[in-house]
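Colleague: Please read through the structure below; I'll follow up with questions.
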Amino acid sequence: MITAKANAVIWASTASQILPKFEEATGAQVGPGIKLLVRARPVFKPQFGFSIEVDAIDSEYTLGDLEARKREIRDRLQREGLFDLNRRLPTPWDYNLVLVVAPEGGAGLGDFQSEATRLQALGICRFIYVHSRFQGDGAAAEIRRALLGALARMGTGNEGSDPLPDAVVIIRGGGAINDMAWLNDYALVRAVCELEVPVLTGIGHERDNTVLDEVAHIRFDTPSKVIVGVERLILQRAQEAKALFAGVIRDATKVIGAIRRTVVERYAGIEAGARQEVARSRQEARELLAQTQFDAVQAVRVAAEGTERQLNDVRRLAAHQLSDARSTVPAMLAEIRAEARQSLQTARAGIRTSQAYVLDKTTADLRFVADATSRAFEDVAARSRQAVASAKTDTQALMREIAGQGPEKTLSRGFALVRDANGNAINSASSTEAQVTIQFRDGVRRAQLQEDNQP
């Protein structure tokens, strides 16, 4: 129950003296929602009645109230085990999609977008913006609804919806301390702690501090430094990918060179082996043919000698019988002569038969040698064809293995290929190309190369 009330006033002359000192000491401006401890004196004037005139403001009280509010939120979150949840999340490996929460039309948002728009235009990173008030009664609840609503729409998995972002960025430009104090809200800070996405903050200036900054995954001093941090990580990952791709190309070149040398060595070995096998087969064929010719000549010589001996025996027997006939049976000379002629004819027939047998045997031996030689040549040809086919199969397998080490496989493992405007691969940081294209597994993006002047 209000038992009494009085008007409090501060005259312009007094305000011009005490308000600048208060704002300089606290960094806050007098406005709705701020607690003040003032020194006042009662004044009674007949025309105005009773009033209280303020002539001093205690800056220590206001600062203590703001800090007490932050300490209360901080202690409560620590008791509940929520204070460092977002800070323990893994830092994003790269930035492809970022959700930005900021006051619409703010100066901090303009600083952020000046660089973010360029990244998005190059297809490097996409930014989704949601807007909310950042000061005034109900601002914290409005920020919380805008943030959680955007994340709920992005994480539905429906066709056409965006996936969860790599990070959430909360930014606003500078202002008075009591303007920033609206962000020291337990419900808003708890929502940030419980997000499953890392939160990056860039609120106010370097001197400003809110509990929202303390629980965020990464805190930056200003909105412009947030986008610089995002860009720096993207550049770092691009440089790492470029180095890794150069290493892959270098290793692949070494492997291809080693495989090529192995193929050449194996082909040379196969060719030398085939030549040696052919030479050996030819030598064996020549030796076999020479042996066959020698055996045929020996067989003919033996047959001729046997025939000559048989003819000499017949001649001797005939002469002996003729001598006996002449000496003992002159009367039977004619009969003996007839028998001699008959015996001579029989011997001649036997000689012709023996000669025919020798010739047939020689012909059969020669035919056998020719067949064996033909089979030997066919065996040599079959072995040569088999060796060439095996070499061809090994070569094709090696070529398939070489083809399996191509750029498409490398891209599917998470690497990227940087090309200049003519489509040639860039594998050195000394390249003078400015506009490049980066080929990923599922598409191509354009990029702008800049000189890295940092040590």
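The values are calculated or read from the model by the stated rules, or taken from the named source; none is laboratory data. In this text the structure is predicted, and so the values were computed from the model without any measurement. A quick note on method: Cβ atoms are made from the backbone with ideal geometry, for glycine too, and the neighbour counts reach across all protein chains shown.
Colleague: Please enumerate the residues belonging to the stretch 132-144 that are charged (D, E, K, R) and surrounded by 14 or more Cβ atoms within 10 Å (Cβ to Cβ).
Modeller: So the first thing to find is which residues in the stretch 132-144 are charged (D, E, K, R), and the list is 133, 137, 142, 144.
Matches in the stretch 132-144: R133, E142, R144.
Colleague: Any idea which of A246, A290, A258 is hydrophobic (A, V, I, L, M, F, W, C), touching a residue at least 12 places away in the same chain (Cβ under 8 Å) and over 30 Å from G202 (Cβ atoms)? Before you say what the answer is, go through the steps one by one.
Modeller: On the way: A290 fails: touching a residue at least 12 places away in the same chain (Cβ under 8 Å); A258 fails: touching a residue at least 12 places away in the same chain (Cβ under 8 Å).
Just a single option satisfies the conditions, and that option is A246.
Colleague: Evaluate the following for L119: is it of a type outside the set (V, I, T) and either crowded, with 16+ Cβ neighbours inside 10 Å or not assigned by TED's automatic domain parsing to the domain that holds G204 (or both)? Reasoning before the result, please.
Modeller: Numbers: of a type outside the set (V, I, T): yes; either crowded, with 16+ Cβ neighbours inside 10 Å or not assigned by TED's automatic domain parsing to the domain that holds G204 (or both): yes.
Taking the combined requirement at face value, the residue satisfies it.
Colleague: For E335, state whether it is in a helix (DSSP H, G or I), over 30 Å from V264 (Cβ atoms) and at pLDDT below 80. Spell out the reasoning first.
Modeller: On the way: in a helix (DSSP H, G or I): yes; over 30 Å from V264 (Cβ atoms): yes; at pLDDT below 80: yes.
For E335, the condition - in a helix (DSSP H, G or I), over 30 Å from V264 (Cβ atoms) and at pLDDT below 80 - is met.
Colleague: State yes or no: is A279 more than 47 Å from the chain's Cα centre (by Cα), part of a helix (DSSP H, G or I), more than 30 Å from L89 (Cα to Cα) and at pLDDT below 85? Write out each step before concluding.
Modeller: Values: more than 47 Å from the chain's Cα centre (by Cα): yes; part of a helix (DSSP H, G or I): yes; more than 30 Å from L89 (Cα to Cα): yes; at pLDDT below 85: no.
Considered against the rule, which asks whether it is more than 47 Å from the chain's Cα centre (by Cα), part of a helix (DSSP H, G or I), more than 30 Å from L89 (Cα to Cα) and at pLDDT below 85, A279 comes out as no.
Colleague: Can you report the number of residues in the stretch 79-94 which are out of contact with any strand residue (DSSP E or B) (no Cβ under 6 Å at 6 or more places or on another chain), crowded, with 17+ Cβ neighbours inside 10 Å and under 30 Å from A416 (Cβ atoms)?
Modeller: 0
Colleague: Hey, among the residues in the stretch 195-229 that are more than 17 Å from P165 (Cβ to Cβ) and of a type in the set (S, T, N, Q), which one's modelled with the lowest pLDDT?
Modeller: N209
Colleague: Moving on to the next point. Over 24 Å from the mean Cα position of the chain (by Cα) and either modelled with pLDDT of 80 or more or not aromatic (F, W, Y) (or both) - does that describe any residue in the stretch 395-404?
Modeller: Pass one, the stretch 395-404, residues over 24 Å from the mean Cα position of the chain (by Cα): 395-396.
In the following step, the residues that additionally are either modelled with pLDDT of 80 or more or not aromatic (F, W, Y) (or both) were identified as 395-396.
Scanning the stretch 395-404, I find at least one residue that is over 24 Å from the mean Cα position of the chain (by Cα) and either modelled with pLDDT of 80 or more or not aromatic (F, W, Y) (or both), so the answer is yes.
Colleague: List pairs: first in the stretch 297-315 and assigned by TED's automatic domain parsing to the domain that holds S343, second polar (S, T, N, Q) and surrounded by fewer than 13 Cβ atoms within 10 Å (Cβ to Cβ), Cβ under 9 Å, 6+ apart or cross-chain?
Modeller: Hits for this filter: V314/T346.
Colleague: Please identify the pairs in which a residue from the stretch 169-195 that is surrounded by fewer than 22 Cβ atoms within 10 Å (Cβ to Cβ) has its Cβ atom under 7 Å from the Cβ atom of a residue that is acidic (D, E) and modelled with pLDDT under 90, counting only partners at least 6 apart or on another chain.
Modeller: Note: pairs meeting the criteria are G174/D208.
Colleague: Among the strands (runs of 3 or more DSSP E) lying completely within the stretch 80-189, list those that include at least 3 residues that are within 30 Å of A434 (Cα to Cα) and modelled with pLDDT of 85 or more. Before you say what the answer is, go through the steps one by one.
Modeller: On the way: elements: 97-102, 126-131, 167-172.
In the stretch 80-189, the matching strands (runs of 3 or more DSSP E) lie at 97-102, 126-131.
Colleague: Next question, about the same structure. Between a residue in the stretch 341-355 that is closer than 16 Å to G306 by Cα and in contact (Cβ under 8 Å) with a residue 60 or more places away in the chain and any residue that is of a type in the set (V, I, T) and surrounded by 11 or more Cβ atoms within 10 Å (Cβ to Cβ), which pairs come within a Cβ distance under 9 Å, given they are 6 or more apart or on different chains?
Modeller: From the stretch 341-355, no pairs qualify.
Colleague: Going through the stretch 371-397 one residue at a time, which ones are surrounded by 15 or more Cβ atoms within 10 Å (Cβ to Cβ) and of a type in the set (D, E, K, R)?
Modeller: Restricting attention to the stretch 371-397, the residues satisfying the condition of being surrounded by 15 or more Cβ atoms within 10 Å (Cβ to Cβ) are 373, 376, 380, 383-384, 387, 391, 394.
Across the stretch 371-397, the qualifying residues are R383, D394.
Colleague: Related question: Give the stretch 95-116 a look and list any residue that's surrounded by 15 or more Cβ atoms within 10 Å (Cβ to Cβ) and among the aliphatic types (A, V, I, L, M), or say none.
Modeller: Matches in the stretch 95-116: L97, V98, L99, V100, V101, A102, L109, A116.
Colleague: So T210 clears everything in (1) of a type outside the set (K, R); (2) over 30 Å from R400 (Cα atoms); (3) out of contact with any helix residue (DSSP H, G or I) (no Cβ under 9 Å at 6 or more places or on another chain) except one condition, right? Which one?
Modeller: The one condition T210 does not meet is (3).
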